[in-house]
Amino acid sequence: MPKRIAVIDLGSNSARMAIFERTSRLGFFILREYKLKVRLGEGAYEKGGVLQQKAMDNVYSAFSEFKSYIKLYGARRIIATGTSALRDAPNAKEFINRVKNGLGINLRVVDGKSEAYYGGLAALNLLSPLKNATTIDIGGGSTELARIQNGRITATISLNIGTVRLKELFYDKKDANGASEFINKLLKGIDKDFANSDIIAIGGSLRAISTAIIKERKYPLESLHNFIYPFNAQNSAYIRKIALSSVLGLKNFNISKDRFDTIRGGALVFLKLCESLGAKRVITSGVGIREGLFLSAILRPGVKFPANFNPSLKSLQDRFCPIDNRATLNTAKELFRVFAPFHRLGENELFLLSVAAKIFNVGRALGYYKERLNSAYIVRTALNYGYTHEQLCNIAVICQFHGKDFDNDDLGEFSKLCAPLKTLKWLCFLLASARELSTFKQARFSLDGSTLKISGLSDHLMLKQSLKKLPKPATIAISFED
């Protein structure tokens, strides 16, 4: 498997390309992303799906630019797929051959159920762990749903409802009622088993809605992936206002201008689907078909990462951790156990401590003197997959403040997403202690009342001074014995 893989997703509205770089067999990150609005489906929906020459020329030009970037970054494999507009087009083969002969790119048409599967596969592997949910991916020409039960994709469906399709058939004719009736008719074909209280929102339109809600709420973490909001009266009313807004009125909803022509249809479809499926919570997915295609290539023959494996954590370790932190991790776990009678924390807190112990020094790659601050920034912005926003903020705090005194004011706006201050102080103390002690394999420690007794290190003056200077979350003494 090559180190760099380019994945192209050609939809009815946009052509997108992501260049993935693998740092190990399963660790990876996105090196670059590109997007061009090409409108392959433009003019096709009223003409039997036939792709129009101008639209095909636009896409060909986009692919030509993609090819130059593929060469620039040295990607050795290209995975290129076309979705709804290409599926519907009687002249699709003509365009596919043009791309192959002219650019050497093998463009594959994926059917609707496969498209839904790839989106579900990405969400299942790259969101924080979930057992049961239904994905909704609204594109330009179609909408895909995948049902996840007990951590597996058990059913998929594709509906011919998309933002560009609705725009051309209804919104351009100022026929909002017709759009609503069209959607209602197609929604009747959804099996009741797709109903779920947890909805995973995939695709540009739904990310735009989540972005609008983030800005409306002044949410502290600037991360769409894994942003969760309740599908309650307030948020459903907000989405309804977007759906019913005039084009010019959309500027009042924190919607970017490049979405003005299609977002209303996307909002209407999403609103009706959430109401129909009984949604109570919306989980925003920053990943979709491109990540699903990439994962299907690297995870063969299975379709899930190994237990307790996180690809973005592994990627950060591979790229930025200057030393192997396993000794620190093991020491942190042992100290957690030793101090259990004092802190009375559980498995969730041990998980946060363990992740922080693996990458506490990841920021050193950006500069030694700001290592902790850099590490916290990297955690919040680059530990992309598999963690809730609360977990990200807590791990970042542990990386930033271990070995230092701090209070709620130091956490700033992120305090809203963090654990209680006492909990964080304990985890910071444990990591800071483990960082100092893990260098010495001969160290042994036990708890005697409120005194941590350390043996085998009585002649290490620097270690003694470092440990005694650490801010402590409780009245703790430290003694060294031969």
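The values are calculated or read from the model by the stated rules, or taken from the named source; none is laboratory data. Predicted, not measured: the structure shown is a model, and the values here were computed from it. For neighbour counting, all protein chains shown are included, and Cβ atoms are generated from backbone atoms with ideal geometry for every residue, glycine included. For the accessible areas, the whole protein counts, side chains as well, though only heavy atoms, and no ligand, DNA or RNA atoms are used. Shrake-Rupley method; radii C 1.70, N 1.55, O 1.52, S 1.80 Å.
Couple of notes before you dig in:
- Distance between segment 163-185 and segment 66-87 - C-alpha centres, whole angstrom: 32
- Pairs of alpha carbons in segment 311-480 separated by more than 29 Å make up 15% of all such pairs.
- Global form of segment 396-482, assessed from the alpha-carbon gyration tensor, a/c cut-off 1.5: prolate
- Checking the cross-link pairs K422/K453; K358/K422; K314/K425; K131/K167 against a 28 Å limit on the alpha carbon distance flags K131/K167 as lying beyond it.
- Amide H contacts under 5 Å for A80: I8, R108, restricted to partners 5 or more places along the chain or on a different chain, H placed in the peptide plane at 1.01 Å from N.
- Surface share of carbon and sulfur [accessible, 1.4 angstrom probe, percent] for segment 364-465: 49
- Largest-first ellipsoid semi-axes for segment 4-110, taking √(5λ) over the Cα gyration tensor eigenvalues, angstrom: 26, 13, 12
- Between segment 306-366 and segment 403-482, the alpha-carbon center distance in angstrom: 15
- Residue-wise HN-Hα coupling along segment 118-129, computed from phi with Karplus coefficients 6.51, -1.76, 1.60 (Hz; x: Gly, Pro): 5, x, x, 4, 5, 4, 4, 8, 10, 7, 4, x
- Our estimate of slack between L72 and N132, defined as 0.36 nm per intervening residue step minus the Cα-Cα distance, is 17.5 nm.
- Whole-Hz Karplus values for segment 394-405 come out as 5, 5, 4, 4, 4, 5, 7, 10, 4, x, 10, 7 Hz, taken residue by residue from phi with 6.51 cos²θ - 1.76 cosθ + 1.60 and θ = phi - 60°; glycine and proline positions read x.
- Here the sum of -39500 (n - 2.57) over DSSP H runs of 4 or more residues, divided by the residues of the chain, equals -14000 deg cm²/dmol at 222 nm, to the nearest 500.
- Principal-axis analysis of the Cα atoms of the chain puts helix 176-187 at an angle of about 70° to the longest axis.
- Computed E for S180/K3 - FRET, C-beta separation, R0 60 angstrom, nearest 0.05: 0.80
- Shape of segment 113-287 from the C-alpha gyration tensor: oblate (a/c of 1.5 or more and a/b not above b/c, with a ≥ b ≥ c the square roots of its eigenvalues).
- Axis of helix 289-298 versus longest Cα principal axis of the chain: the two differ by about 60°, to the nearest ten degrees.
- Segment 467-476 - phi-based ³J(HN,Hα) in whole Hz, Karplus 6.51/-1.76/1.60, Gly and Pro as x: 5, 6, 7, 5, x, 10, x, 8, 6, 10
- Candidate cross-link partners of K333 among the aspartates and glutamates, defined by an alpha-carbon separation under 20 Å and a same-chain spacing of 8 or more, comprise D324, E347, E349, E436, D448.
- Helix 347-359 vs. the chain, principal-axis angle (Cα, 0 to 90°, nearest 10): 90
- Size estimate for segment 189-261 follows the Kirkwood approach: the inverse of mean 1/r over distinct Cα pairs works out to 13.6 Å.
- Taking a straight Cα-Cα cut-off under 17 Å and skipping sequence neighbours fewer than 8 places away in the same chain, the lysines within cross-link reach of K174 are K241.
- Contact order for segment 4-110, expressed relative to its length and based on alpha carbon pairs under 8 Å spaced 6+ residues apart, stands at 29 percent.
- Straight-line cross-link reach from K93 at under 24 Å between alpha-carbon atoms covers these lysines, not counting any fewer than eight positions away in the same chain: K35, K37, K47, K54, K67, K113.
- Other residues within the sphere of radius under 12 Å centred on the Cβ of N13, judged by their own Cβ, net out at +2 (K and R +1, D and E -1).
- Selection among P322, N310, F342 by position relative to the dipole of segment 295-343 gives N310 as farthest towards the positive end (Cβ unit charges, Cα centre).
- For segment 19-46 versus segment 126-144, the inter-centroid distance based on Cα atoms is 17 Å.
- The accessible-area ordering, largest first, of the residues C274, C321 stands as C321, C274, per a 1.4 angstrom probe.
- For segment 113-287: accessible area per residue (Å², 1.4 Å): 41
- Net charge of neighbours whose Cβ lies under 13 Å from the Cβ of F231, counting Lys and Arg as +1 and Asp and Glu as -1: +2
- Loop-resident trypsin sites (Lys or Arg not before Pro) (DSSP state other than H, G, I, E or B) in segment 262-357 with no more than 14 further Cβ atoms inside 10 Å of their Cβ: K280, K304, R344.
- Other residues within the sphere of radius under 12 Å centred on the Cβ of Y60, judged by their own Cβ, net out at +1 (K and R +1, D and E -1).
- Within the accessible surface of segment 248-333, defined with a 1.4 Å probe on protein heavy atoms only, the carbon and sulfur portion equals 50 percent.
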